Each structure stands twice: as C-alpha cells, then as structure tokens.
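The values are calculated or read from the model by the stated rules, or taken from the named source; none is laboratory data. Note that the coordinates shown come from a computational prediction; the quantities given were computed from them, not determined experimentally. So basically every Cβ, Gly included, is an ideal-geometry build from the backbone, and we count neighbours across all protein chains shown. For accessibility, only protein heavy atoms count, side chains too; no ligands or nucleic acids. Shrake-Rupley method; radii C 1.70, N 1.55, O 1.52, S 1.80 Å.
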Amino acid sequence: MKVKLAAIGVGNRTGKYLRYFQEHSDQVELVAIVEPNAIRREACRKWFSLPEESCFESAEMFFGTGVECDGVIIGSPDRCHYEQALMAIEKGMHILLEKPIAQHYEQCVRIAEAARIKGVKVGVCYVLRFMPLYRKVKELVDQGVIGRITGVSHQEFVGIDRMLHTYVRGYWNKASASTSSFISKCCHDVDMLLWITGARIKTVQSAGSLEWYKPENAPEGAAARCLDCPVEGECSFSAVDMYLRRGVWTNNFPIPEGKTKQEVLEEEIRTGRFGRCAFHCDNDVADRQMVTLTATDGILITIEMNALTRREGRITVFTGTLGELVVTDEEIQVRDRHGNLVRKEDFSRDAAMPLHAHADLDIVEDFVGAVAAGDRSVAIPIEEALESHRICYLAG
C-alpha cells in the first residue's frame, strides 16, 4: 500500500522534499496540497497532475474537506506551524514538520503532548543528522578516536546574500512574524552538536544583536529603494546587483503565466519587499550571535552565527582528551593532541551534491517508512527535537 500524504506550504523546502514523491511514486502518493500563493499552488498541481479539488488555499479548507491521507508535510511559514500541526494531530495524521517546530517553546511542547496522546508520529526536518558528513563525525566520536569530548567550537557563516534575502528583506526578518534568526538558522546545528556529543546542557549564555543592517549604517545619500539609489553601483548589498546582475536567490519568485522571470524580478525590485535598501527595511533579527552552552559533564560548546561575511558554511572543532576533529563542509580532519594530522575524510563530492547530499530525500524516506511500518518511530521524533528548541529559545 502506498503512503498517502498532503503537503502544506509548497515553497522552497517542501519543493525539495517532494522530489522524493517524484522518484518513489511506487511508495508514496501526494494526494493534496495547501498553498495560499495561487502561482505556486498551480505549479505544484501540474507537477503532480492533481485535480483542482485536491488543491487548497488554506489549511482550514483542507482539514475541513475530509480528504483521506496518512500524514502531512508542513513546510509553511513558522507562524503557521502550531495551529496546522494541532489540526493534523486532531485528524490523526502523522506529520513531517519543517524546523523550527513553532514560534514559542510552549507551543512546541503542546504539539509533542498532543501527538503523544493521539498516537501520532511527528518527525522534525533536522537535515544535518541525515548528512553523510555529520554521520561520519558521529561515528568517529562514538569510536573514541579523540577520546572524551571536552569542548566544541562551532561557527555558522550565514553569508551576506542569504542574510539579505531571508533575514533582512525576506519573510524571516521579524521575530514576531516568524522566529529569531538564531532559532531559524541554527536550531538544527544545536541538535547536531547535542546528538554527536551526547551533552546535557545546564546553562545557556547568549550575546548578539542586529549590528549592521539598520538605518544608521546606510551609505550617505542612500535611497529607500535600490533602483532609486545614487550609490547603488558601489553598494555591496544592492538588490539590483544580487537579483538582476548576479542572479542569485531568484529561483523562488513565483512566475505567473504570461510573464518572464526577468519581468517578475524587475517588478519586485521596483515595488516589492526585495527591492528595499538593506539598511532601510523593517528587520529586527540578529545578524551576529554567540551562544555558549555548558553541559553537566563540563563540556563547553560555543556556537557563533555570523551574517556579516560573504563566507557561507560551517566550521566545527571537536576537542577531546586524545586530539581533535576539525570539520568543514568538505572534509573531516583527525588530529592528535600535538596537532599532527592523523587522518582525513574527503566529503567534497557530497558538498557539491544538491539536496544536502541527498539528505533532504532521506528525511522523507525515513518518514514514509515509519508511517508505512506503523510500529517504527521516525529518526528524529519531536520529543528529541524539544531540547535543541529549548536551548535556542533561551538563547533568544
């Protein structure tokens, strides 16, 4: 029997998960979609040849129709997760839930408790745990190649383009409308570090703020919109340069029938939120944050989120009593206590692969398998994800 699932929110993240449906149509079937944006909704409908009556503008419309399915993928905006998850649980539907779980920790706990009472599986999309790189790190730590872990230094370089598109001009730029940038970007980093080290955290300290992308740092004479700005050509944060000249972060703009992508981008930069000066937006989330975690066994973990550099990716150093693991996006180095290179694991091929080295599809495969099996848990149940969320909400 095929597992029948619905997708709530068919934007960037859900679009990746739906690749699994396309490649494994013998195992899973998409029976309905919920998407308020008419262009995205119609594109997804055509992709999976769904009848129009299986496509809904809102979750309320979907849950009110009695469509039969085994579960849902919730990839809607963060502010929608709580109510949509509770509606799915009430219907007895299993859930694959995009991170973060909800806007507030108390909401996360309520979802977990409601799922437990109803007997519903809720899996959280923590992609790092599925990536071959971090699975290998976990294996090496468990083997004791660097002895007992004493500390971890983790750096997350968000990248200026991602910061501008998502957290300055984009839909995650206000904590009240989504969550903080640290929770949004780093909750699965925190989970990965807890998973690998087995640390139980007793204290959380945090320092950070919105340091750069605010009006007082705007270039002299800067206009409110990049198209009107006399210094646009010299600005490193220009929307014109980012979307039109370099063409980055442009794949998620819906293209209505009869218009070209270029026309949509030009109109957006002229009148939409993504054409605003990076220093004159309504953003309030941090662009730099340092979080320090102290574990009950003395392990000290520092996590730095930095969005003030062009650099993107992660660097993590796991320090142990016998040496250290130095982990980048492309390799793992094992060094002894004198700093000598003992071993190197090359993950450059995985780093170049799409879909997080297939991990996005592995998340869906695990969820589909758990739903089909009935008596098997998902790899990352909501109960396990609560601790990383608790820490992130304490960090703010």
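Determine the distance separating the Cα centre of region 118-190 from the Cα centre of region 200-222; give it in Å without decimals.
Rounded to whole Å, the Cα centres lie 19 Å apart.
Show Leu394, Leu86 ordered by accessible area, largest first, where the area counts protein heavy atoms only and the probe is 1.4 Å. Walk me through the intermediate numbers first.
Working: Leu394 105, Leu86 55 Å².
From most exposed to least exposed: Leu394, Leu86.
Once both labels are modelled 7 Å past Cα along the beta-carbon direction, what's the Met61-Leu308 spacing in nm?
A separation of 4.6 nm, rounded to one decimal place.
Rank Ile269, Ile315 by accessible area, highest first, at a 1.4 Å probe radius?
Details: Ile269 5, Ile315 35 Å².
The ordering from most to least exposed comes out as Ile315, Ile269.
What Kirkwood radius, in Å to one decimal, follows from the Cα pairs of the chain? Please report the intermediate quantities before stating the final value.
Values: mean 1/r = 0.0446 Å⁻¹.
Taking every pair of different Cα atoms in the chain, averaging 1/r and inverting gives 22.4 Å.
What are the membrane-span-like helices in the chain by this rule: whole DSSP H runs, Cα extent along the axis at least 30 Å, mean Kyte-Doolittle hydropathy at least 1.6? Walk me through the intermediate numbers first.
Values: long enough: none.
Both cut-offs are met by no helix.
What whole-number distance in Å separates the alpha-carbon centres of region 304-371 and region 251-294?
Taking the Cα centre of each part, region 304-371 and region 251-294 sit 28 Å apart.
Rolling a 1.4 Å sphere over the protein heavy atoms, what is the accessible area per residue of the chain, to the nearest Å²? Intermediate results must be reported in sequence, preceding the final value.
Working: 17640 Å² over 396 residues.
Heavy-atom accessible area per residue stands at 45 Å².
Go through region 337-345 residue by residue and turn each phi into a ³J(HN,Hα) via Karplus (6.51, -1.76, 1.60, θ = phi - 60°); whole Hz please, and just put x for glycine and proline.
5, 9, x, 6, 6, 9, 7, 9, 10
In region 200-243, what GluC sites (Glu not before Pro) fall in a loop by DSSP, with at most 12 other Cβ atoms inside 10 Å?
On the way: sites: Glu211, Glu216, Glu220, Glu232, Glu234; in loops: Glu211, Glu220.
Of the GluC sites (Glu not before Pro), the ones in loops of region 200-243 whose Cβ has at most 12 other Cβ atoms within 10 Å are Glu220.
What three numbers, in Å, describe the spread of the alpha carbons of region 218-370 along their principal axes, ordered from the longest?
Here the spans come out as 58, 45, 30 Å, largest first.
With +1 on the Cβ of every Lys and Arg and -1 on the Cβ of every Asp and Glu, and nothing else charged, how large is the dipole of the chain about its Cα centre, in debye rounded to the nearest 20? Could the numbers behind the result be given before it?
Working: 47 positive and 57 negative charges, 99 e Å.
Taking the Cα centre of the chain as origin, the dipole is about 480 debye.
Give the span of region 351-390's Cα atoms along each principal axis, as three whole-Å numbers ordered largest to smallest.
Cα extents, longest axis first: 34, 30, 7 Å.
Beyond 25 Å, how much of the Cα-Cα pair distribution for region 200-305 remains, as a whole percent?
Numbers: 2324 of 5565 pairs.
That fraction is 42 percent.
His24: accessible area at probe 1.4 Å, nearest 10 Å²?
Its accessible surface works out to 50 Å², give or take rounding.
First measure r as the distance between the Cβ atoms of Ser377 and Asp161, then evaluate 1/(1 + (r/R0)^6) with R0 = 45 Å and state the FRET efficiency to the nearest 0.05. Show your work: numbers first, answer last.
Numbers: r = 38 Å, r/R0 = 0.83.
Between Ser377 and Asp161 the formula returns 0.75.
Specify whether the C-alpha gyration tensor of region 1-96 places it in the rounded, prolate or oblate class, a ≥ b ≥ c being the square roots of the eigenvalues: rounded for a/c under 1.5, otherwise prolate if a/b is larger than b/c and oblate if not. Mind dumping the intermediate values first?
Values: a/c = 1.37, a/b = 1.14, b/c = 1.20.
Rounded, because the longest to shortest axis ratio a/c is under 1.5.
List, largest first, the extents of the alpha carbons of region 66-133 along their principal axes, each in whole Å.
Cα extents, longest axis first: 40, 26, 22 Å.
Compute a Gaussian network model of the chain, connecting alpha carbons closer than 10 Å, and tell me which residue from Gly298, Gly339, Gly15 fluctuates the most.
Checking each option, the largest mean-square fluctuation is seen for Gly339.
Quick one: among Ile299, Ile382, Ile117, which has the greatest mean-square fluctuation in a GNM of the chain with alpha-carbon springs under 10 angstrom?
Result for the chain, Cα springs under 10 Å: Ile117 fluctuates most.
Can you give the extra length, in nm with one decimal, that the chain gains between Glu257 and Asn12 once fully stretched, where that is 0.36 nm per residue apart less the Cα-Cα distance? Before the final figure, lay out each step's value.
Values: separation 245, 0.36 × 245 = 88.20 nm, distance 1.94 nm.
Computed gain between Glu257 and Asn12 is 86.3 nm.
Just to confirm a number: summing +1 for Lys and Arg and -1 for Asp and Glu over residues other than Ser58 whose beta-carbon lies under 13 angstrom from that of Ser58, what do you get? Please report the intermediate quantities before stating the final value.
On the way: positive: Arg41; negative: Glu35, Glu57, Glu60, Glu83.
Every neighbour counted, the sum reads -3.
Kindly rank 303-314, 164-175, 322-333 from highest to lowest mean number of other beta carbons found within 10 Å of each residue.
164-175, 322-333, 303-314
For region 129-241, report the % of Cα-Cα distances exceeding 21 Å. Walk me through the intermediate numbers first.
Numbers: 3465 of 6328 pairs.
Counting every Cα pair in region 129-241, those more than 21 Å apart make up 55 percent.
Over the chain, with every protein chain in place, what whole percent of the accessible area is carbon and sulfur at 1.4 Å, could you tell me?
Working: 8450 of 17640 Å².
Taking all protein chains in place, the chain shows 48 percent carbon and sulfur surface.
Compare the Cα positions of Phe367, Leu341, Cys392 along the charge dipole of region 341-396 (+1 at Cβ of Lys, Arg; -1 at Cβ of Asp, Glu; about the Cα centre) and return the one farthest towards the positive end.
Farthest towards the positive end: Leu341.
Helix-derived [θ] at 222 nm for the chain: sum -39500 (n - 2.57) over DSSP H runs of at least 4, divide by residue count, nearest 500?
Numbers: 12 runs with 132 residues, N = 396.
Roughly -10000 deg cm²/dmol at 222 nm, from the helical runs in the chain.
What is the packing order of peptides 49-60, 238-249, taking the mean over residues of other C-beta atoms within 10 Å and listing the highest first?
Numbers: 49-60: 13.9, 238-249: 17.5.
Packing order, densest peptide first, comes out as 238-249, 49-60.
Fully extended, how many nm does the chain gain between Lys174 and Lys2 (0.36 nm per residue separation, minus their Cα-Cα distance)? Write out the running numbers ahead of the final one.
Details: separation 172, 0.36 × 172 = 61.92 nm, distance 3.99 nm.
Extra length available between Lys174 and Lys2 comes to 57.9 nm.
If you wrap a convex hull around the C-alpha atoms of region 323-396 and split its volume per residue, what is the figure in Å³?
Working: hull volume 12.2 nm³, N = 74.
Roughly 165 Å³ of hull volume per residue.
Provide, for q = 0.14 Å⁻¹, the log10 of I(q)/I(0) from a solvent-free Debye sum over equal Cα point scatterers in region 57-208.
Taken in order of the listed q values, log10 I(q)/I(0) reads -0.85.
Could you calculate the FRET efficiency of Val231 with Leu322 from 1/(1 + (r/R0)^6), where r is the beta carbon distance between them and R0 is 41 Å, rounded to 0.05?
Details: r = 54 Å, r/R0 = 1.31.
So the FRET efficiency works out to roughly 0.15.
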